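For reference, the structure discussed in these notes is given below.
The values are calculated or read from the model by the stated rules, or taken from the named source; none is laboratory data. Predicted model, so just to flag it, every value in this text is computed and none were measured. Glycine gets a Cβ as well: all are built from the backbone with ideal geometry, and neighbour counts include every protein chain shown.
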Amino acid sequence: MSGIVTIAKNREKPVRNRHPWVFSGAVEHIRGARDGDIVTVVDSAGGFLGAGYFNSRSQIQVRLLTWVEEPIDEAWWRRRIQQAMALRHEHFPLTKAPSGFRLINAENDFLPGLVVDVYGEYLVLQAQTLFIDQIKRDLAEILLEETQARGIYERSDIDARGREGLKDAKGMLAGEPLPETIEIVEDGRRFAVNVATGQKTGFYLDQRPNRSLLRDLLLARVGPPARVLNLFSYTGGFGIAAQQAAGKVTQVVNVDSSAEALQQAQANSQRSGLDSSSAQYVEADCFTYLRTAWQQHEQFDVIICDPPKFASSAQQVDKAARGYKDLNLHAFRLLRQGGLLLTFSCSGAVSRDLFQKIVFGALADSGRDGQILAHLSAGPDHPVALTFPEGEYLKGLLVRVL
């Protein structure tokens, strides 16, 4: 470790409580630390607090790796990767093919800045920070050895890298070249994923349990078959889950602004062996579609509203809140009596409490009553460290409208 970062007096509590971030405002002094170095973090009296990696260009100047005095070497990284793998083996065995799930969830797996997703026999690595970017090829070799994956592709093309002084990076890191698409299966749903060009690392793996929940809700439905609206449908995840409830659904309307995504959604429906006559694919802006549907007195029994991230920082939260409210207001207006809304936010800067308040405001403005039936989150492959509540970026509500 080549440097020492001293935390200001009375600012060390988060570090002692094992929060993984040290912000610039908490730093009193920096000695001998260069960007991308492993540093020792000490209190104002010089007492050891932890060790992590340093970047002066980031507002988060240190991301902590450990709170005990130990070497941060190859064996350390291997142990942490094995620890993350052990959790997934309980829920998503690597020998069960093909499948898609998150293998390493950054700070929530005590590996700050590192995200690794599994797609069949391949891994996709995302290096979010300068230090992880520096060692990504070494990590790729360890991952290949530990998982026996065929290859590892990098998808480090996120906004957070800019705040670390990094440019986007994509391409093979290790192993065999990627096929054009990889088929993954979740609860009978089949998706062809292009990890090189798809959203996030290729697919919205975090919504897996909520897609299955939608299917189960529809299968349990009593009464006439449902008309379902799937907003921001992308390659059809929720729409295909709704189609799985054969006999309980009259129509699934998938709306997305991308014609290519809608084509992939239709292909995935066919790949899953589902009745294509129940699905409709609409290329449109979802905000515009909702307003037009309201003006035309459309009605639905179930609406899924899963938009992309609206807020990447605290400065964008107010604008994001207006967007979420507008979407949910129109969704409430379009739901029939007793209808269900599955509504989500994947903006980490928008807290679960704030999101619920936004949805409440939309409900109030719609003039209707509603009940929260469930609070929704990502699956067990996306754990949230108790010391890092910011890690719960995906939050959702299942609401029944009266």
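Restricting attention to region 172-196, and to residues there that are β-branched (Val, Ile, Thr) and in contact with a Ser or Thr (Cβ under 9 Å, 6 or more places away or on another chain), which single residue is nearest to Ala261 (Cα to Cα)? Show your work before the answer.
Initially, region 172-196 is screened for residues β-branched (Val, Ile, Thr), giving 181-182, 184-185, 193, 195.
From what's left, in contact with a Ser or Thr (Cβ under 9 Å, 6 or more places away or on another chain): 184-185, 193, 195.
On the way: Ile184: 17, Val185: 18, Val193: 11, Val195: 14 Å.
Among them, the one singled out is Val193.
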Filtered residues of region 111-152 (kept if more than 18 Å from Phe54 (Cβ to Cβ), touching a Pro at 6+ places or on another chain (Cβ under 9 Å) and not acidic (Asp, Glu)): Tyr119, Gly120, Tyr122, Gly151
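Just for region 314-344: of the residues that are of a type in the set (S, T, N, Q) and part of a helix (DSSP H, G or I), which one is surrounded by the fewest Cβ atoms within 10 Å (Cβ to Cβ)?
Gln315
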message: Could you tell me how many of the residues in region 10-66 are of a type in the set (Val, Ile, Thr) and without any contact (Cβ under 8 Å) to a residue 24 or more places away in the chain?
response: 1
task: Considering only region 357-402, state which residues are of a type in the set (Asp, Glu) and within 16 Å of Cys305 (Cα to Cα).
output: none
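Report yes if some residue within region 130-148 is in a loop (DSSP other than H, G, I, E, B) and touching a strand residue (DSSP E or B) at 6+ places or on another chain (Cβ under 9 Å); otherwise report no.
Kept after step one, since they are in a loop (DSSP other than H, G, I, E, B), are these residues of region 130-148: 148.
Cutting the leftovers down to touching a strand residue (DSSP E or B) at 6+ places or on another chain (Cβ under 9 Å) gives us none.
No, every residue in region 130-148 fails to be in a loop (DSSP other than H, G, I, E, B) and touching a strand residue (DSSP E or B) at 6+ places or on another chain (Cβ under 9 Å).
For region 213-311, give me every one of the helices (runs of 4 or more DSSP H) that falls completely inside it and has 2 or more residues that are farther than 21 Å from Leu394 by Cβ and in contact (Cβ under 8 Å) with a residue 60 or more places away in the chain. Break it down into steps so the answer makes sense when it comes.
Values: elements: 237-243, 259-271, 286-295.
Those helices (runs of 4 or more DSSP H) span 259-271.
If you check Leu144, Leu130, Leu123, which single one turns out to be touching a helix residue (DSSP H, G or I) at 6+ places or on another chain (Cβ under 8 Å) and not small (Gly, Ala, Ser)? Break it down stepwise before answering.
Values: Leu144 fails: touching a helix residue (DSSP H, G or I) at 6+ places or on another chain (Cβ under 8 Å); Leu130 fails: touching a helix residue (DSSP H, G or I) at 6+ places or on another chain (Cβ under 8 Å).
Just a single option satisfies the conditions, and that option is Leu123.
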message: Can you list residue pairs whose Cβ atoms sit under 6 Å apart, with the first residue in region 349-362 being in the same structural domain as Lys319 (by TED's automatic domain parsing) and the second being surrounded by fewer than 17 Cβ atoms within 10 Å (Cβ to Cβ) and not in a helix (DSSP H, G or I)? Count only pairs 6 or more apart in sequence or on different chains.
response: Ala349/Ser313
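Yes/no per residue for (1) surrounded by 16 or more Cβ atoms within 10 Å (Cβ to Cβ); (2) under 30 Å from Gly348 (Cα atoms); (3) out of contact with any helix residue (DSSP H, G or I) (no Cβ under 7 Å at 6 or more places or on another chain):
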| residue | (1), (2), (3) |
| --- | --- |
| Lys170 | no, yes, yes |
| Gly202 | yes, yes, yes |
| Leu213 | yes, yes, yes |
| Ala220 | no, no, yes |
| Tyr281 | yes, yes, no |
task: Sort out which residues of region 365-383 are surrounded by fewer than 18 Cβ atoms within 10 Å (Cβ to Cβ) and part of a helix (DSSP H, G or I), and write them in order of number.
output: Asp365
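Table: residues versus (1) buried (at least 19 other Cβ atoms within 10 Å of the Cβ); (2) not charged (D, E, K, R).
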| residue | (1), (2) |
| --- | --- |
| Trp21 | yes, yes |
| Ser24 | no, yes |
| Ala33 | yes, yes |
| Asp43 | no, no |
| Gly46 | no, yes |
- request: Could you pull out the residue among Gln266, Gln337 that is more than 21 Å from Asn210 (Cα to Cα) and not β-branched (Val, Ile, Thr)?
  value: Gln337
- line: (1) over 30 Å from Asp216 (Cα atoms); (2) in a loop (DSSP other than H, G, I, E, B) all hold for Met172 apart from (2)
Residues (out of contact with any Ser or Thr (no Cβ under 9 Å at 6 or more places or on another chain) and surrounded by 18 or more Cβ atoms within 10 Å (Cβ to Cβ)) located in region 6-19: Val15
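Against the condition among the small types (Gly, Ala, Ser) and farther than 30 Å from Gly36 by Cα, how does Gly198 come out, does it pass? Step through it out loud before you land on a result.
Details: among the small types (Gly, Ala, Ser): yes; farther than 30 Å from Gly36 by Cα: no.
Spelling it out, it is not the case that Gly198 is among the small types (Gly, Ala, Ser) and farther than 30 Å from Gly36 by Cα.
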- line: Residue pairs within 8 Å by beta carbon, gap of at least six or interchain, first lying in region 373-384 and not assigned by TED's automatic domain parsing to the domain that holds His89 and among the β-branched types (Val, Ile, Thr), second surrounded by fewer than 18 Cβ atoms within 10 Å (Cβ to Cβ) and not in a strand (DSSP E or B), listed first then second, are Val384/Glu392
